[in-house]
Amino acid sequence: SGLMDEQLIGRAILDTGVEYIDWSARKEPSLQGPLLRIYLELTSTEDLHEVETRIHDNLKTLNRFYAELENVLEVRPLRVTLLRPGAFQAYSLAHEAGGAGLAHLTPPRMNAPDSVINDLLRPAQPGR
């Protein structure tokens with residue numbers, strides 16, 4: 001099936017062999033049509049294009065529908081945004097300080113709202 005669920009995306013990221021802290025993925029609009037954007041925090045510095053290509057190739061292997069997008073429509077609908085080191089930890093600390101319950105200390109892995117993505121993209125706070 002063409003379903004891009006948490007398990008499939010997680011497997012595609014894991015199979016790259018790249019070490020990471022966490023990720024969040026969602027469908028986002030673009031001029032070329034809908035994109036799958038993965039926000040990814042790595043444990044070390046990696047080349048963005050290389051990471052994106054490896055995830056893309058893994059998605060093609062794991063999901064025939066995704067592979068057809070490139071083969072038939074010549075569309076490559078994946079974009080990876082690398083998050084700054086500590087992005088997920090900063091998110092958790094900020095939400096813990098705000099009184100969030102345990103279930104809300106980590107961002108959703110799938111289809112997080114803009115407010116969550118904006119928190120993950122926020123620059124590091126000085127002194128933290």
Criterion (of a type in the set (Gly, Ala, Ser), surrounded by 11 or more Cβ atoms within 10 Å (Cβ to Cβ) and touching a strand residue (DSSP E or B) at 6+ places or on another chain (Cβ under 8 Å)) met by exactly one of Ala67, Ala25, Ala12: Ala25
Options Arg54, Arg79, Arg64, Arg109; residue that is at pLDDT below 95 and of a type in the set (Lys, Arg): Arg64
Neighbours by Cβ (under 9 Å, 6+ apart or cross-chain): first from the stretch 65-79, under 17 Å from Arg54 (Cβ atoms); second open to solvent by 100 Å² or more (accessible area, probe 1.4 Å) and of a type in the set (Ser, Thr, Tyr): Ala67/Thr61
Index of the failed condition, Thr61 passing every other in (1) in contact with a helix residue (DSSP H, G or I) (Cβ under 9 Å, 6 or more places away or on another chain); (2) open to solvent by less than 70 Å² (accessible area, probe 1.4 Å); (3) hydroxyl-bearing (Ser, Thr, Tyr): (2)
Hey, Ala97 over 13 Å from the mean Cα position of the chain (by Cα) and touching a residue at least 24 places away in the same chain (Cβ under 8 Å) or not: no
Among (1) on the phi < 0 side of the Ramachandran plot; (2) surrounded by 14 or more Cβ atoms within 10 Å (Cβ to Cβ), the one test that Gly86 misses: (1)
Matching helices (runs of 4 or more DSSP H) fully within the stretch 2-106 where at least 3 residues are among the β-branched types (Val, Ile, Thr): 48-62
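The values are calculated or read from the model by the stated rules, or taken from the named source; none is laboratory data. From a predicted model like this one, the values you see are computed outputs, not experimental measurements. Cβ sites come from the backbone with ideal geometry, for glycine too, and all protein chains shown count toward neighbours. All accessible areas refer to the heavy atoms of the entire protein, side chains included, with ligands and DNA or RNA removed. Shrake-Rupley method; radii C 1.70, N 1.55, O 1.52, S 1.80 Å.
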